[in-house]
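Here the structure is laid out as structure tokens; the discussion comes afterwards.
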Amino acid sequence: MRIENAVPPAHAVPPADPQPTADPGPTGTPPSPRPWAAVVLAGGGARRFGGRDKIAMTVGGRTLLDGVVAAARVAGAHPVVVVGPRRPTATAVAWTREDPPGGGPLAGLASGLAAVPPGVTEVAVLAGDLAAVGPGTLTRLRAAVAAHPDVDGAVLVDEQGRVQWLVGVWRTAALRCALPERPDGISVRSALGGLTRIDIPALPGETLDVDTPDDLRAARGANAG
């Protein structure tokens, strides 16, 4: 784990090479073409937005959900599975619902994985309210997984050293094995914490998610700058 002044967790494996200082974007050299998909979790509530759908909020002229879907699409994910109530999207996606509805992110991940077709070797797991994740984020995560065939996945770690469980790329088989029989009400950290992983330091602001109106203002301000 390449986080200064932090004790490496038991299941983290340090990256082999220094991380880039800027997001290389979709023009960066991609990993070898391995079939991969993305599961976008979009089933949470929005109590702090007065009942409005937070992932329908716009940043940079598009909804948060469309931004996350676009990042996965441009990076090469197919299919992109969105878990949650159906909403308008700029590009076609595969829709499914968590079971039970409102059962939490891990229940959503289980439903999303069930919609991933056979032969897909890796799955990106992404929150639907991420404001700054781009194609280069996923390219970096996939490259880390490719460089370490003995690990189960790679996740971003923010500037405070916190693991971002909903910004990661995992081997599909490992994810399926990690899911409990009844995932509703169980945290993603509890289920995936036993998997071996690479912790990738996030770029400044890269893990920003929109939970409050203040977060939305910050995301719009960063995009305008």
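The values are calculated or read from the model by the stated rules, or taken from the named source; none is laboratory data. In this text, all values refer to a predicted model and were calculated from it rather than measured experimentally. For neighbour counting, all protein chains shown are included, and Cβ atoms are generated from backbone atoms with ideal geometry for every residue, glycine included.
Any idea how many residues of the stretch 99-129 are assigned to a loop (DSSP other than H, G, I, E, B) and touching a helix residue (DSSP H, G or I) at 6+ places or on another chain (Cβ under 8 Å)?
Of the residues in that region, 7 qualify.
What's the total number of residues in the stretch 166-186 that are of a type outside the set (D, E, K, R) and within 15 Å of the chain's Cα centre (by Cα)?
7
Restricting the first residue to the stretch 127-145 and requiring it to be touching a residue at least 40 places away in the same chain (Cβ under 8 Å) and closer than 23 Å to A56 by Cβ, which pairs with a second residue that is among the basic types (K, R) and outside any loop (DSSP other than H, G, I, E, B) meet a Cβ separation below 7 Å and a spacing of at least six or different chains?
Between residues of the stretch 127-145 that are touching a residue at least 40 places away in the same chain (Cβ under 8 Å) and closer than 23 Å to A56 by Cβ and residues that are among the basic types (K, R) and outside any loop (DSSP other than H, G, I, E, B), the close pairs are D129/K54.
Which pairs turn up if I take residues in the stretch 103-116 that are at positive phi and look for partners that are of a type in the set (S, T, N, Q) with beta carbon separation below 9 Å, at least 6 apart in sequence or on another chain?
G104/S187
So in the stretch 208-217, with the set limited to residues that are in contact (Cβ under 8 Å) with a residue 60 or more places away in the chain and assigned to a helix (DSSP H, G or I), which one is farthest from A132 (Cα to Cα)?
Only one residue tops the list, namely P213.
Out of the stretch 180-207, which residues are modelled with pLDDT of 95 or more, of a type in the set (A, V, I, L, M) and part of a loop (DSSP other than H, G, I, E, B)?
Result: L195, A202, L203.
Can you name the condition, by its number, that G193 falls short on among (1) closer than 20 Å to V80 by Cα; (2) of a type outside the set (S, T, Y); (3) touching a residue at least 60 places away in the same chain (Cβ under 8 Å)?
The one condition G193 does not meet is (1).
So which residues in the stretch 156-206 are among the β-branched types (V, I, T) and touching a helix residue (DSSP H, G or I) at 6+ places or on another chain (Cβ under 9 Å), if there are any at all?
Scanning the stretch 156-206 gives V163, V167, V169, T172, I186, V188, T196, I198, I200.
Which residue pairs have Cβ atoms closer than 9 Å, lie 6 or more positions apart in sequence or on different chains, and pair a first residue in the stretch 152-171 that is in contact (Cβ under 8 Å) with a residue 60 or more places away in the chain and closer than 17 Å to A131 by Cα with a second residue that is in a strand (DSSP E or B) and among the polar types (S, T, N, Q)?
Final answer for the pair search is V157/Q164.
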